[in-house]
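Student: Here it is, the structure, as C-alpha cells.
Read-outs: derived from the displayed coordinates by stated rules, not from any lab. Just so it is clear, the model here is predicted, and its values are computed rather than measured. As a convention, Cβ positions derive from the backbone with ideal geometry for all residues, glycine included, and neighbour counts pool all protein chains shown.
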Amino acid sequence: MFIRHGEKPGESGAPFGVNQHGREDSHALSVRGWQRAGALAGLFKLAQQSGYPGLVTPAAIYATAPNSDSHSTREFNTAQPLADALKLQVNVDYPHGHENHLATHIAGQSDPTLVVWHHGEIPAAIAQFPVANMNDVPSAWPEERFDLVWVLKRDVDSMHYTFSELNQKLLDGDQP
C-alpha cells in the first residue's frame, strides 16, 4: 500500500509546517497533515474492519528520511503515529531516488507493507513491480491529493500484482 505524506505547509505563508513539538518547521507537516497522520493510524490499525477492499494492517512501514537532497520530514511524520500504534519501527533505509531498491526489497517480503513516500516518486516505485493491470496505474500522483491509497495486491500463484486506488475519506474535504 502506498500513500503520500500528509498535507504540507504553504509555499510562502500559512498554513505553516510544525514539528512534533509544535514549533514552526517548513520541512514538517501542516496541522492538517498531522491530523491526517493520526487518522491514518486509526484507519490502518483497524484496516480489516474498515470496509476498504485491499486495505490491511501493515506489518512493515517504510518512509523516506531527510537527507542532503530532501530535508522533508513529512513522510516520516506521517508514518510514525501508525508505527507507534502498531509497535513497529519505520524503515528509513531507502531515500528518494532509490525506488527500484525499495521495490525489490518489498517484493521479496511476504508481510503486508505500507510505504509513505513523496508523491512524485510513487508511480516510479510501482513501475518496479510486475503489475498485471499497469495501464490502470496513473502516470502521476494527483498534485493536490493527500487522501488516496494506492494498493498493490499480490496474486500468490502468478506473483503479479493488481493495482487499485482507494479514497481515504478521513478528513473534511476528502473526496468520497
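Student: Starting from the Cα of K87, draw a straight line to each of the aspartates and glutamates and keep only those under 19 Å, dropping any in the same chain fewer than 8 residues away.
Tutor: The qualifying aspartates and glutamates are E75, D111.
Student: Moving on to the next point. Sequence neighbours fewer than 8 away in the same chain don't count; with that in mind, list the lysines whose C-alpha is under 16 Å from K169.
Tutor: Once the sequence-local lysines are set aside, what remains near K169 is K45.
Student: Would you mind ranking D84, D25, D172 so that the residue whose beta carbon has the fewest other beta carbons within 10 Å leads the list?
Tutor: So the ranking, lowest neighbour count to highest, is D172, D84, D25.
Student: What number results when the radius of gyration of segment 2-167, computed over Cα atoms, is divided by 2.2 N^0.38 Å?
Tutor: That works out to 1.00 for segment 2-167.
Student: For segment 1-78, run through the GluC sites (Glu not before Pro) and keep only the ones in DSSP coil with at most 12 other Cβ atoms within 10 Å of their Cβ.
Tutor: E11
Student: Can you give the calculated 222 nm mean residue ellipticity of the chain, where each DSSP H run of n ≥ 4 adds -39,500 (n - 2.57) and the sum is split over every residue, rounded to the nearest 500 deg cm²/dmol?
Tutor: It lands at -7000 deg cm²/dmol.
Student: Moving on. Compute the longest continuous run of the chain that contains no exposed trypsin sites (Lys or Arg not before Pro); treat a site as exposed when its DSSP state is not H, G, I, E or B and it has at most 14 other Cβ atoms within 10 Å.
Tutor: After excluding every exposed loop site, the longest remaining stretch is 24-86.
Student: GNM on the chain, C-alpha springs below 10 Å: top fluctuator among Y161, Y52, Y94?
Tutor: Of the options given, Y52 has the highest mean-square fluctuation.
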